Amino acid sequence: MNSLEDILVYVKKIFEDQNFDKQPLTLYEPFRYTLALGGKRLRPLLVMLAADMFSADLKKAENAAVAVELAHNFTLLHDDIMDASPLRRGKPTVYQKFGTDKAILSGDVMYAKAYEYLLKCDTDKVPALVKTLTTVLIQVCEGQAYDMDFETRSDVTKREYITMISLKTAVLLAASLKMGALIADADAESMNYLSEFGLYLGIAFQLQDDILDCWSDLNEFGKVIGSDIVDNKKTILFLTAVEKADDDDAKELISWYLEKTNDFQKKKQRVIELFEKYGVRDDVEQMIGQYTIKAIDALDKINVEESRKENLRTLAKQLTSRKK
């Protein structure tokens, strides 16, 4: 079994070895720029960690790891356009740097390349891997549709929000783990528990992201602080605040999210003040802890030696206490 640090180095090396220096530049320059931004490489890391947990040859998981990361970045390119996000990982987003048309096209080729890499996996594994990735990409698009719908609704519930982030974020983490397990010929029950671990961890991961959007350092976080507020995202912070606030404060919060304003700084400042007044950060941190416990409970049920689960336990702690 490899250490978490060794597998992360292995994953980074995989992407350093990929050659996307192709023509036409209008297509592949934004493609290369996106991958050069780096990021946590969390999804390919999960593929490799799952394969390693079940004692697979990591070389056999490389193409699936690349496929998952390309699929993830495809969703980010399009997501940034829809949200008009100026920064991604501390750098200008692809559509800001290269234009919307090139960003869309580069995202499209990433989507296609993801499947090209999957087809390089062992032929007996390809059908299950393709089915897994296809299912999850449909779910991610469904989650994004819900996210956009919520921006113009005033009646979003916490349950709906958890469903949305499960689709938009958590299912891809679960699928990454499942793909690594598929390559390793893990038994069906273990794969189910591993997917459950990934789903709960993904929910906790996104809730932590919601907190970081309000309370973090731009240079560390890599995205504009308060962008969820500016974009009228009905995050768990907003929903918890409305639920806890008195009538006047609840009405004010809702009005900030429904009425148009150009004074974004004032909006962010006032909304965060209301979040802090009602202690919603503490409430959400408790939720993160609860989902993390659920994730670890699922991990405990997987039928491998306890020592082989340690990398995922460590990663879960890192992801739910991160600052970026």
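Here are some notes:
- Flag if ASP228 is charged (D, E, K, R) and over 17 Å from the mean Cα position of the chain (by Cα): no
- Restricting attention to segment 89-112, the residues being among the polar types (S, T, N, Q) and surrounded by fewer than 17 Cβ atoms within 10 Å (Cβ to Cβ) number 1.
Residue-wise test of (1) touching a Gly at 6+ places or on another chain (Cβ under 8 Å); (2) among the aliphatic types (A, V, I, L, M); (3) in contact (Cβ under 8 Å) with a residue 24 or more places away in the chain; (4) buried (at least 20 other Cβ atoms within 10 Å of the Cβ).
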residue	(1), (2), (3), (4)
ASP155	no, no, no, no
ARG159	no, no, no, no
MET164	yes, yes, no, yes
ALA170	yes, yes, yes, yes
ASP217	no, no, yes, no
ASN232	no, no, yes, no
LEU237	no, yes, yes, yes
ALA245	no, yes, yes, no
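- Test result for VAL304, β-branched (Val, Ile, Thr), within 17 Å of LYS244 (Cβ to Cβ) and touching a helix residue (DSSP H, G or I) at 6+ places or on another chain (Cβ under 8 Å): no
- Test for ALA128: is it within 23 Å of ALA298 (Cβ to Cβ), outside any helix (DSSP H, G or I), at pLDDT 95 or above and of a type in the set (Gly, Ala, Ser): no
- Yes/no for LEU129 being buried (at least 20 other Cβ atoms within 10 Å of the Cβ), touching a Cys at 6+ places or on another chain (Cβ under 8 Å) and not charged (D, E, K, R): yes
- In segment 240-281, the residue that is modelled with the lowest pLDDT out of those that are of a type in the set (Gly, Ala, Ser) and assigned to a helix (DSSP H, G or I) is SER255.
- Look at (1) free of Cβ contacts under 8 Å to residues at least 12 places away in the same chain; (2) over 24 Å from ARG89 (Cα atoms) and you find that ASN311 fails only one, number (1).
- The one condition in (1) over 15 Å from the mean Cα position of the chain (by Cα); (2) closer than 25 Å to ASN63 by Cα; (3) not hydrophobic (A, V, I, L, M, F, W, C) that ARG159 fails to fulfil: (2)
- Hits in segment 2-21 (condition: within 21 Å of the chain's Cα centre (by Cα) and of a type in the set (Lys, Arg)): LYS12
- Just so you know, in segment 282-324 the residues that are of a type in the set (Ser, Thr, Tyr) and not in a helix (DSSP H, G or I) include one that is surrounded by the most Cβ atoms within 10 Å (Cβ to Cβ), and it is THR320.
- Of the residues making up segment 201-210, not a single one is under 30 Å from ALA50 (Cβ atoms) and assigned to a loop (DSSP other than H, G, I, E, B).
- Scan of segment 8-26 for residues that are surrounded by 13 or more Cβ atoms within 10 Å (Cβ to Cβ), of a type in the set (Val, Ile, Thr) and within 29 Å of ASN311 (Cβ to Cβ), ordered by number: VAL11, ILE14
- When LYS168 is tested against the conditions (1) modelled with pLDDT of 95 or more; (2) among the basic types (Lys, Arg); (3) more than 15 Å from the chain's Cα centre (by Cα), the lone failure is (3).
- LYS233, sole failed condition from (1) modelled with pLDDT under 95; (2) closer than 24 Å to GLN318 by Cβ; (3) of a type outside the set (A, V, I, L, M, F, W, C): (2)
- For segment 92-101, the criterion of being under 30 Å from LYS233 (Cα atoms), at pLDDT 95 or above, under 16 Å from the mean Cα position of the chain (by Cα) and β-branched (Val, Ile, Thr) is satisfied by no residue at all.
- Test: GLY38 is part of a loop (DSSP other than H, G, I, E, B), within 17 Å of the chain's Cα centre (by Cα) and either more than 24 Å from VAL230 (Cβ to Cβ) or at pLDDT 95 or above (or both): yes
- Residue list for segment 175-188, filter: surrounded by 24 or more Cβ atoms within 10 Å (Cβ to Cβ) and among the small types (Gly, Ala, Ser): ALA175, SER176, GLY180, ALA181, ALA186
- The residues on offer are LEU77, LEU45, and the sole one that is in contact with a helix residue (DSSP H, G or I) (Cβ under 9 Å, 6 or more places away or on another chain), under 30 Å from ASP149 (Cβ atoms) and in a helix (DSSP H, G or I) is LEU77.
The values are calculated or read from the model by the stated rules, or taken from the named source; none is laboratory data. All values reported here derive from a predicted model rather than from experimental measurement. Note that each Cβ is placed from the backbone with ideal geometry, even for glycine, and that neighbours are counted across all protein chains shown.
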